[in-house]
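This report refers to the structure that appears directly beneath it.
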Amino acid sequence: MAEQQDQDTAFMGVGVLSKDGFKGSLKKDTARGMQRMHNRTYRGEVTFKLDDNETDYLTTTLEKIKVAIKPLVKNNQVTFEVDVKLNATLNGFKTKVSEEEIRKKIIKEVKKDIKATYEEALAQDIDIYRLSEQLYRKNVKVWKKLEKDGKISLTSSSISKLKINVNQVNSGRKIFTGTINE
């Protein structure tokens, strides 16, 4: 009788193709930002330490991710304001923690993931969040003025504002209120 193996789903990375062929790839940790910046992400997880001195970790499931990207043009320079809204559901934990602490940790980790993915993609000349397309769709005249070979030039500071809103924190079946005790 054959043994059945566990078949957990794992996010291993992203390969990027363009009309000219394979551009490169982002592996595991450097690709997590993709899950945070996509409206079609059904669920994603983020794990973080509850306290810098502790060994307690908390994993939250991120859901209902909504991303809005707004291009801003000033003196023939374009930057982008990014607004990410999401809900979080807590997975099992054994400690006291406030909703505000959890929100802050989620925001910190999601920002870190988005920035790490963006920086790694820039190093490979990849517009991972399709910022050039955002400008094209929202201001084609400016895009035509700034584009070269079908895309605009991006830098580390092209994302001028990154705002993360955790709309709701759920503790399993109940909506999170106050401090959770086990």
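Hey, can you tell me all the residues within the stretch 94-131 that are open to solvent by 10 Å² or more (accessible area, probe 1.4 Å), small (Gly, Ala, Ser) and either assigned to a helix (DSSP H, G or I) or closer than 19 Å to Glu81 by Cα (or both)?
The answer is Ala116, Ala123.
Out of all the residues in the stretch 132-149, which are surrounded by 15 or more Cβ atoms within 10 Å (Cβ to Cβ) and among the aliphatic types (A, V, I, L, M)?
Leu135, Val142, Leu146
For a quick check of your reading of the model, give me the residue pairs whose first member lies in the stretch 105-132 and is closer than 27 Å to Lys49 by Cβ, whose second is surrounded by 15 or more Cβ atoms within 10 Å (Cβ to Cβ) and of a type in the set (Lys, Arg), with beta-carbon atoms closer than 6 Å and at least 6 apart or on different chains.
Between residues of the stretch 105-132 that are closer than 27 Å to Lys49 by Cβ and residues that are surrounded by 15 or more Cβ atoms within 10 Å (Cβ to Cβ) and of a type in the set (Lys, Arg), the close pairs are Val110/Arg36; Asp113/Arg32; Asp113/Arg36; Ile114/Arg36.
Filter the stretch 58-73 for residues that are within 11 Å of Val46 (Cβ to Cβ) and out of contact with any Lys or Arg (no Cβ under 6 Å at 6 or more places or on another chain); which is modelled with the highest pLDDT?
Leu62
Looking at Thr79 and the list (1) outside any strand (DSSP E or B); (2) among the hydroxyl-bearing types (Ser, Thr, Tyr); (3) more than 16 Å from Gly33 (Cβ to Cβ); (4) touching a residue at least 12 places away in the same chain (Cβ under 8 Å), which single condition is not satisfied?
Checking Thr79 against (1) outside any strand (DSSP E or B); (2) among the hydroxyl-bearing types (Ser, Thr, Tyr); (3) more than 16 Å from Gly33 (Cβ to Cβ); (4) touching a residue at least 12 places away in the same chain (Cβ under 8 Å), the one that fails is (1).
Could you list, in sequence order, all residues of the stretch 25-41 that are modelled with pLDDT of 70 or more and of a type outside the set (D, E, K, R)?
Those that are modelled with pLDDT of 70 or more and of a type outside the set (D, E, K, R): Leu26, Thr30, Gly33, Gln35, Met37, His38.
Quick one: would you say Ala10 is over 19 Å from Tyr118 (Cα atoms), among the aliphatic types (A, V, I, L, M), open to solvent by less than 100 Å² (accessible area, probe 1.4 Å) and at pLDDT below 70?
It is true that Ala10 is over 19 Å from Tyr118 (Cα atoms), among the aliphatic types (A, V, I, L, M), open to solvent by less than 100 Å² (accessible area, probe 1.4 Å) and at pLDDT below 70.
The values are calculated or read from the model by the stated rules, or taken from the named source; none is laboratory data. Computed from a predicted structure; not experimentally measured. So basically every Cβ, Gly included, is an ideal-geometry build from the backbone, and we count neighbours across all protein chains shown. Heavy atoms of the whole protein, side chains included, go into the accessibility calculation; ligands, DNA and RNA do not. Shrake-Rupley method; radii C 1.70, N 1.55, O 1.52, S 1.80 Å.
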